[in-house]
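This report concerns only the one structure given below.
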Amino acid sequence: MSVERIGKIEEEAAAAIAGAGDTAELEEARVRFLGRKAELTGILRGISDLDPSERGEVGSAANRAREAIEALVAGRAGELEREELGRSLETDRLDVTLPGSPPRPVGHLHPVTRTRRLIEDVLVGLGYRVVEGPEVEHDFYNFTALNHPEGHPARMLQDTFYVEPSEDLDPSCGSGPMDVLLRTHTSPMQVRAMEDSPPPLFVIVPGKTYRRDSDATHSPMFHQVEGLAVGEGLTLADLKGTLLEMLRALFGPDREVRMRPHFFPFTEPSVEFDVSCFRCGGQGELEGGERCGLCKGIGWIELGGAGMVDPNVFGFVSEHGYDPDTVTGFAFGFGVERIAMLRHGMGDLRFLFENDVRMLEQFS
Ligand code: PHE
């Protein structure tokens, strides 16, 4: 076994290692030149059998060759790993803006927002303008100008959240400790809107309202939409037509509207309005004769309050052009959550405010 042969092996190994294009090829070369069956390994193993005169020379040449080849493998491995990392950084680049596979929806607006916008769309289509008002309101707008007599039960602390009055209150709004409150309905904007613009007036007021109520169907904060129409010669028939149009847009073209006598201090006459049940078609029972659970067998679903604007309310804004002898008007108000729950078949209002995405994403 000549030392030349060892030099040849080392050359062949060096060429194979340098020519390895990836780590798999390099591993093949390593096994070929350094593995158990490699020629060089055989030489090293056979050294003890050699003639003692050859042993030293061949042994040290073979060991040097092995170390040299090991060093070349290690060096090439480092190069290849760096190259492969660079390549995979190039090709496996992740575009986080691509849609997933399958694509994930990007989410949607909250059901209350969607329902509020739908209601706004319908009423804007009927010629109403959207206005918004303060959620922290004066007693004057929330109660007094809406014809609530002093001591009216709605003014009681059990029903209404009062706010500490600030130092710089508008003195024309009274200044008792019970003057500032979280509005209990959107109706105070009736008065503010009339103060702002003369008749004819067609406005809707979507927004948050607050009452001391909390159960499966009441939340201390909830949303209402108020409507106010004032002009000459408006009647209860106009109110009914407006409600019918709106409820058909929300609950289907076959719906009917019903008004029942009721009382509100700021409308006269006052009504509550119902929509015919969209589950049983107003029959109160389902096809098999089973009682309809949605309307509880009544055929009608209660939605909100309404009525003709009380002349006393116009009295508070008569200097803004609202002469109770020449104008008439109607107003209506209802809860947005209730409409959302009905439209989506939701049983518990609190789902709407717990912000559990697993629940909210079902109502798109
Ligand atoms: N503001 C009344 C309520 O919250 C509803 C209503 C609005 C009634 C407009 C009549 C006219 O109960």
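Peptides 207-218, 178-189 ranked from most to least packed give 178-189, 207-218, packing being the mean of other C-beta atoms within 10 angstrom over each peptide's residues. Evaluated at 10 °C with a viscosity of 1.306 mPa s, what Stokes-Einstein diffusion coefficient in µm²/s does segment 276-364 have when Rh comes from the Kirkwood expression over alpha-carbon pairs? This corresponds to a translational diffusion coefficient of 96 µm²/s. Taking Cβ atoms as reference points and 14 Å as the exclusive limit, the residues near ARG211 contribute a net charge of -1, counting Lys and Arg as +1 and Asp and Glu as -1.
Of the two radii for segment 319-364, the radius of gyration is 1.38 times the Kirkwood radius, both from the alpha carbons; that is the Rg over Rh value. Across segment 141-158, coupling constants 3J(HN,Hα) worked out from phi with the 6.51/-1.76/1.60 Karplus curve, θ = phi - 60°, read 6, 6, 10, 4, 6, 9, 6, 7, x, 4, x, 4, x, 5, 6, 5, 5, 5 Hz, and Gly and Pro carry x.
Full extension of the chain between ARG129 and LEU50 yields a length gain of 17.7 nm, computed as 0.36 nm times the residue separation minus the alpha carbon distance.
Phi-derived couplings, Karplus 6.51 cos²θ - 1.76 cosθ + 1.60 at θ = phi - 60°, listed residue by residue for segment 20-33: 5, x, 8, 5, 5, 5, 5, 5, 4, 5, 4, 5, 4, 9 Hz, with x used for Gly and Pro.
Compared with the alpha-carbon gap, the fully stretched path from MET156 to ARG93 is longer by 16.2 nm at 0.36 nm per residue.
Only one residue of SER318, PHE353, GLY288 has its Cα farthest out toward the positive end of the dipole of segment 275-364, where Lys and Arg carry +1 and Asp and Glu -1 on Cβ, and that residue is GLY288. Given +1 at the Cβ of Lys and Arg, -1 at the Cβ of Asp and Glu and no other charges, the dipole of segment 27-86 around its Cα centre is 160 debye to the nearest 20. Legend: calculated FRET efficiency, ASP238 to ASN355, from the Cβ-Cβ distance at R0 = 56 Å, rounded to 0.05, equals 0.90. For segment 111-363, the calculated P(r) over all alpha carbon pairs, in 10 Å bins from 0 to the bin holding the longest distance, is 7, 29, 35, 21, 7, 1, 0 percent. The distance between label points at ILE298 and ASP348 comes to 2.4 nm (points 7 Å beyond Cα on the Cα→Cβ vector).
Net charge dipole, the chain: roughly 1100 debye, given to the nearest 20, about the Cα centre with Cβ charges of +1 for Lys and Arg and -1 for Asp and Glu. For segment 1-110, the Kirkwood estimate of hydrodynamic radius, built from reciprocal distances between every pair of different alpha carbons, is 17.1 Å.
Take each peptide in 336-342, 243-249, count the other Cβ atoms within 10 Å of every residue, and average; sorted highest first, the result is 336-342, 243-249.
Other residues with beta-carbon under 9 Å from the beta-carbon of ASP159 carry, at +1 per Lys or Arg and -1 per Asp or Glu, a net charge of +2. Filter the GluC sites (Glu not before Pro) in segment 187-242 to those in DSSP coil with at most 12 other Cβ atoms within 10 Å of their Cβ, and list the result. Passing both the DSSP loop test and the Cβ count: GLU232.
Any read-out appearing in this document is the output of simple, stated calculations on the displayed coordinates, not a laboratory observation. All values reported here derive from a predicted model rather than from experimental measurement. Glycine gets a Cβ as well: all are built from the backbone with ideal geometry, and neighbour counts include every protein chain shown.
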